[in-house]
Amino acid sequence: MSSYKTDMDSAANLIESQGQTWGVNAETVARMKAQNRFKTGIDIARYTAGIMRADMAAYDADPANYTQSLGCWHGFIGQQKMIAIKKHLTETKGKYLYLSGWMVAALRSEFGPLPDQSMHEKTAVAGLIEELYTFLRQADARELGGLFRQLDAAREQADQANAAKIQSQIDNFQTHVVPIIADIDAGFGNEEATYLMAKQMIEAGACCIQIENQVSDEKQCGHQDGKVTVPHEDFLAKIRAVRYAFLELGIDDGVIVARTDSLGAGLTKQLAVTKVPGDLGDQYNRFLDVEEVSLAEMSNGDVLINQDGKLVRPKRLPSNLFQFKPGSGEDRVVLDCITSMQNGADLLWIETEKPHVGQIAGMVNRIREVVPSAKLVYNNSPSFNWTLNFRQQVFDAMQAAGEDVSAYERADLMNIKYDMSALATTADDKIRTFQADAAKEAGIFHHLITLPTYHTAALSTDNLAKAYFGDEGMLGYVANVQRKEIREGIACVKHQNMAGSDLGDDHKEAFSGDAALKASGKDNTMNQF
C-alpha cells in the first residue's frame, strides 16, 4: 500500500505535468486516496483473506489466538461494531463480521420476514456484503477526515510536535475493514447456482464462504427440526464450485467453511451412488435405518439396497425421505468433516444442539485422528438457552461428584431465585470462559454469535418504547439513550457527522473553495455535543 506522502508526491508531480490546469490540490488528492483505500470488493476479499489465513496460522501455533465475530444484518450495525472495537480494544485483530443467512431471511427479504429456509432472494446476501463494506469504508473516511482536520489545526498553530503525532496516526491508520464470514446456506440450488452466487459474494468482498450439507430446497435452520442432508459427493461438488469461484477471481487464499448439520439431521432425500463396498457412497448408505427383506416381502414401490450380499430396505417416510439410524449423528458428523477437509474445505462448522465443550471436543478429537489440522467455526447461538444449559451442566457435575444438590430443581434452574447461588455463579463463570475453553480443548478457531444484533435491536427498542410511551415521556429517550451516548462517547450521538456531513463539507471545500456552502458552521446543533 502506498503511503500518504508517496501519494501526495505522486499527485504533485502529475498536477505539475499538467501545468496546474486542473486546479486541484495534491494533499487533498492524497487524503481522498487514503480515505478510499479499497477500490473494489476484490481488493477487500484479497486483503481480508490474508488476514484470516494469518489468524488461522496463529491459532495453530497457540489456541489462545482464537477469533470472534458478531452477526450483522445492516451496514450501520457492522460499522458501529468495528468502531466500538477500535474505541474499547484499540485494534481489530481477531475480530470479524458474520453475515447470517437467517438474518437476511428474517430482516432483508422483499417478501417480509421469512424463516431460515433459503426462501429469500439469493442476491440479497451479496448485497448485504457490499453494504457492510460500504459502511466500514465510510468509517475509515470519517475517522481519517477527523485526523486531517486535527492536522490542519496543528499546522495553523505551528505545533510541530502535535502535527507529527497526528501524521503518525494517519500513516499507521488501522482500517475498520475486517474479514466477513458469509453464509451461502446450502448454495441456493445446484452446484452451478452455488458457483454463480459465490462469485457475486466474493466480488462484493467476501473472503470466507460458509456452506452447509443440507438439501438446498429442503433447507432448515440448524436449530430446528426436519433437516435433510445430501450425500457427500453432492456437497463436495458445491465446495469445489466455491473454490473455483475464488480462484477465477484471483483470491487464491479464499477460505471455505464446510458446515455439517448431521448431528441433528435424521433424514436424507437421496441414496448415495456406490460402486464398491466401503466407498464414500456405501459409507453414507450404511447409516440408513434399514431392515433385511426377501423378495417375497417386498411391497409395491420399495427401494432395496444390496449390502454385503443382503437385500435391505431403507425406511422411507410419507414425505419420500429416508431415515437414518437413531444415534448415528456423531458418526455422520465425523465422516462429513473428514471428507470435507480432505476435499478442499479449510474450516469446519458442526451445528450442535447445545454449547458443550466435551461434546464438541469428542467429535473434533476423532476428526483430528485423520486430519490433525482440523479446526472449527462454532455458532455460539442465541437459539441455546445458555443460562439453563450451563446451570444444568454444573448441576450434573456436582451430582456426579457426590455433592449435595437438594437445594436445586434441575428442570427449574432458569428461575431467578437461583441467580445468586453458588451453582449459578459457577455456571456464569463457565459461560464467560466458554470460548477460551473451547478454543483450547475443542479445536474452535472462530467463535461467532449468529443473531446478536437482531436481539439487541429488539431489546433496546422494547425498553425505549416502554419508557417513552409511558410515564417518562421524553426523559425515557434522553436518560436512557442520548445521555448515555454522550457520557459513553458513542460516536453516532453526532449523527450528522456519522452520516457523512463533515465528509461532504471537506469535499465541497476542495471542489468549491471559499464558495463552498458547508453544513458544519456555528449554527449546526451538532456543536452542542
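The values are calculated or read from the model by the stated rules, or taken from the named source; none is laboratory data. None of these values were measured; they are calculated from a predicted model. Note that we place each Cβ from the backbone using ideal geometry, even for glycine, and neighbour counts take in every protein chain shown.
Structure above, values below:
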| item | result |
| --- | --- |
| Single residue of Ile449, Ile367 found to be closer than 22 Å to Ala61 by Cα and surrounded by 14 or more Cβ atoms within 10 Å (Cβ to Cβ) | Ile367 |
| Given (1) within 28 Å of Gly187 (Cβ to Cβ); (2) assigned to a loop (DSSP other than H, G, I, E, B), number of the condition Val125 does not satisfy | (2) |
| Options Ala438, Ala427, Ala400: the member that is modelled with pLDDT of 95 or more, of a type in the set (Gly, Ala, Ser) and surrounded by fewer than 22 Cβ atoms within 10 Å (Cβ to Cβ) | Ala400 |
| Extreme residue, farthest from Leu263 (Cα to Cα), among residues of the range 184-217 that are crowded, with 24+ Cβ neighbours inside 10 Å and not hydrophobic (A, V, I, L, M, F, W, C) | Gly205 |
| Qualifying position, being within 20 Å of Ala237 (Cβ to Cβ) and surrounded by 18 or more Cβ atoms within 10 Å (Cβ to Cβ), among Asp279, Asp336 | Asp336 |
| Qualifying residue in the range 395-406 (condition: in contact with a helix residue (DSSP H, G or I) (Cβ under 7 Å, 6 or more places away or on another chain) and of a type outside the set (A, V, I, L, M, F, W, C)) | no |
| Members of the range 238-264 that are hydrophobic (A, V, I, L, M, F, W, C), out of contact with any Ser or Thr (no Cβ under 8 Å at 6 or more places or on another chain) and touching a residue at least 12 places away in the same chain (Cβ under 8 Å) | Ala245, Phe246, Leu249, Ile251, Val255, Ile256, Val257 |
| Test: residue in the range 82-95 that is assigned to a loop (DSSP other than H, G, I, E, B), farther than 22 Å from Gln200 by Cβ, among the hydroxyl-bearing types (Ser, Thr, Tyr) and in the same structural domain as Val257 (by TED's automatic domain parsing) | yes |
| Some residue of the range 426-443 being within 25 Å of the chain's Cα centre (by Cα), assigned by TED's automatic domain parsing to the domain that holds Asp346 and assigned to a strand (DSSP E or B) | no |
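Conditions tested, residue by residue: (1) at positive phi; (2) aliphatic (A, V, I, L, M); (3) surrounded by 13 or more Cβ atoms within 10 Å (Cβ to Cβ); (4) touching a Cys at 6+ places or on another chain (Cβ under 9 Å).
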{"residue": "Thr6", "(1), (2), (3), (4)": "no, no, no, no"}
{"residue": "Ala11", "(1), (2), (3), (4)": "no, yes, yes, no"}
{"residue": "Gln18", "(1), (2), (3), (4)": "no, no, no, no"}
{"residue": "Met32", "(1), (2), (3), (4)": "no, yes, yes, no"}
{"residue": "Arg46", "(1), (2), (3), (4)": "no, no, yes, yes"}
